[in-house]
Structure formats: C-alpha cells, structure tokens
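Participant: So that we are looking at the same thing, I have put the structure below in structure tokens.
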C-alpha cells in the first residue's frame, strides 16, 4: 500500500514528538514492505516561489513544500499554495491513503484536495490544535481553559493578552480577568462586513472565521485516531461524529542503549527531556531542587533546545545558579541516542503544566523501565499509576515535587519496584497493526480512478 504521512514540519530542523511519531510509523510501515513517504512543510523557508523538494531522511522519502508564505493556526486553516503543490504531487505519486498528524503550515484544505482525488484522509491529532489556536487549552496566565467559548471569545482574550505581553503593555496583568463574553461580542461585531474601527478588527474577524472554516472542512477527514480521552472528547464537541473516531493510544518501541557501558556519574541522576518552554515545567524541577538538602548531591540533566525561548532558558539558568546540586544543561540529542540517555538516568521528571497528550518521552521512559515523576495531568496519568509504575504529583506544586525527588533518590527499593511494575505502554508494532487495519478498510471502499505516473518529480 502507498501511504502518505502528512506532518506540519519535519527533520532535520524540527524533531519534536509529532515529527518523531511520524518517522516511527513510516519506518514500521516500510519494514512491512509498504511504500510510506512523508509530506511536510518547511516553515523556516516560507519565502520564495512555492516548490516541492524531494529528499531522503533516515531512509524515508520526504516531499518538502517550501515557499508557502507565513502561516499560523489562526489565520491559515487553508494554505492555497500547499494545496496546489499537493495536487501537483499527486500527478507523479498518488498515495492510497493520507495519514495526517498536524495541519499547521499545510492547512486542512489539503484534506479536501485529497478528497477531490478520492484519497481517504485519516487524522491523529497530537495536540488540541483543531479546537484551540494555541494547541494546549491553556489560558495566557497558565490556568486550564475549558475551550474557545461562543464566537471563540476565550481565544480572543488569550490572543490579545499575548499581544499585550509581547509589547509589555500595562493591560497584560488584568487581561485574563476580563469576562471572555466581552471578547465574544467583539469577535461577533468584527464578523460584520465593513467593520474596521475596532483595533485589530481584521485579526478578530479571522479568529471568528476559524471555527466556521474548520467545520466546513471537517467532513474531509475520513477517520480520527484520538490518542487520549481528552482529545476524543474535544473533537466530539467540535462536531466529529463518534462513528468516525477511535481512542487509540500511541505505541512505542523499547529504547535500547547502543552499547553496554558503565554509569558515567556516581550520583543519583535525574533527567528532564522536553521543550524548554514554561508550560513544560522545567522551572518547577529547579525550584524543587532548592528545597532539597545538599546531601545526597543529585545530578540533574536538562535536555532541550534553549533557542526556542531564550528568555525562559535564561530564567532556568538563573534558577540553577548556585545550586547545591549538579545541574547540567545538555542541549539536544539525536533520537537514536535516547536509549543511551535513559541508561544514565535514575528517574525522569515530567512536570508539565498543560494537559499533555501521551508524550513519546514518557512512553519511551516507561518502556525503558526508567522511574518517572509526572504532574497530575490527564495526558500523563493515563499511563502512570501513582506509587506503581511512577510517582504522580499535584500540578504546579514544587514542594510535592521536592518530596517525590527525595523519595526516588534515597529509596533504591522504590526505584526497583517502579521499574519492575508490569504496566507498560502499547508497543509500536501493535499500534501500527491498528492503524493499518483502518487504512485497509478505507482504501477498500475508496474508488480507484487514478493511476500512478512513473515520471520524475516536477520542477517548479
């Protein structure tokens, strides 16, 4: 079967969880002798004429769309440039099915293009982007957000708060307390043709149109694999029928060290692996360390790219300064080395401040039998049972994290018991079994009206 895996961005410049999941699925499908290729955008090259570039990344053929212009999740539900390039690609390589993992940069309109070509599209939402322009259901001040609200009023309040934050305006501190219904009214007014007196009127009108556009494009999606109950319920509220959705947790392969080697450091070593942004909670780990005695001295390894948010990275370094414990900022590492990283850790901390969505680093750690400490977020505790296969702390509670660190660092038997616990994530091959079963069902019912042309990729 010819399977296109569509993702908003991809390696080598983008290597977060969604990109890694896409690559893992592609490898497993190719291992089964299917023709799996990746279709992606390159947001770092949005200028210039639209074009398709073909390359091979980690043994997988990648079609990269460049020159698509600036794109964000509010204004561009449809990217006409990406749609034209996708239609062009179909003239030389027509997949039997498309599995989308994110539509940012490419746009949901690509699903409509595939439908016109009678190619079914399935969707695995790796965050809440379909329902939330900021992807996380989180207010500007960090509180959980129940959703966009009528006329996306909460989204409008959030976006204006972020706009004020970037400009260090005086309104940023009180903006989250303004009733969201007021912003819903602003969005409604700006949807009236000709209204332009309100500041940022065009922006508000586009935000109001977001939900309407997504509703029109929703039927282009043949089926949805929701990785968590929270994503499933969010898409139900967004209008997806339950008959076109399935709760399907991700699968993962067991990380294996490249070689058996002795531990490099004698101390108990705690790890953080993730995006260095405030919602991932790395600062909580550093705050918790300040509450611990200097003995035993812990080694803390923080993995992540400091360039994604330089202000936050500087905050982390300030928190680490003068610590009684050894805190090391390790940068990033190739995915193939994750087994080696885990082999050096006694525990992994995931203190996220947002809902989360079964992050691959958690699944990998559980599969590698590395004890984990996680915050009480739905997308984490769906895999972790407190005091069984990990420790769970209240969301945002540095004191509770300090207590958990003290327990895990001083109690060898606790670490061993957690590592031995039988609850582990689904394996990758089992996950792909479920995906392929649905692929085959949809391809079987899709009419065959195209034929593949054996010609080279067109020049733009």
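Every read-out reported here was derived from the displayed coordinates using simple, explicitly stated rules and does not represent laboratory data. Here the structure is a predicted model, which is why all the values come from computation and not from measurement.
Participant: According to the Cα gyration tensor, what semi-axes, each the square root of 5 times an eigenvalue, does the equivalent ellipsoid of segment 203-331 have, listed from largest to smallest in whole Å?
Facilitator: 41, 22, 13
Participant: I'd like the antiparallel share, as a percent to the nearest 5, of DSSP beta bridges with both residues in the chain. Can you show the working numbers first?
Facilitator: Numbers: 9 of 52 bridges.
If I count the DSSP bridges inside the chain, around 15 percent turn out antiparallel.
Participant: Consider all pairwise Cα distances in segment 269-420 and report the whole-number % of them above 23 Å.
Facilitator: Numbers: 3290 of 11476 pairs.
Within segment 269-420, distances greater than 23 Å cover 29 percent of Cα pairs.
Participant: With contacts defined as alpha carbon pairs under 8 Å and 6 or more residues apart, what's the relative contact order of the chain in percent?
Facilitator: Worked out over the chain, it gives 15 percent.
Participant: Give, to the nearest whole percent, the P(r) tail of segment 327-406 beyond 16 angstrom, counting all Cα pairs.
Facilitator: Value for segment 327-406: 50 percent of Cα pairs lie more than 16 Å apart.
Participant: Now a separate question. May I have the extent of the alpha carbons of segment 80-133 along their three principal axes, as whole Å values ordered from largest to smallest?
Facilitator: 34, 22, 14
Participant: Dividing the Cα convex hull volume of segment 42-99 by residue count, how many Å³ per residue is that?
Facilitator: 112 Å³
Participant: Just the C-alpha atoms of segment 1-118: what Rg/Rh do they give, with Rh taken as the Kirkwood radius?
Facilitator: Across segment 1-118, the Cα-based Rg/Rh ratio is 0.93.
Participant: Still on this model: Answer with a single label: of [x] 37, 30, 20; [y] 53, 24, 21; [z] 88, 25, 18, which was calculated as semi-axes √(5λ) of the Cα gyration tensor in Å from the structure in view?
Facilitator: Calculated semi-axes √(5λ) of the Cα gyration tensor in Å: the matching label is [x].
Participant: Per the helix-only calculation at 222 nm, which mean residue ellipticity applies to the chain, given -39500 (n - 2.57) for every DSSP H run of n ≥ 4 and division by its residues, nearest 500 deg cm²/dmol?
Facilitator: -10500 deg cm²/dmol
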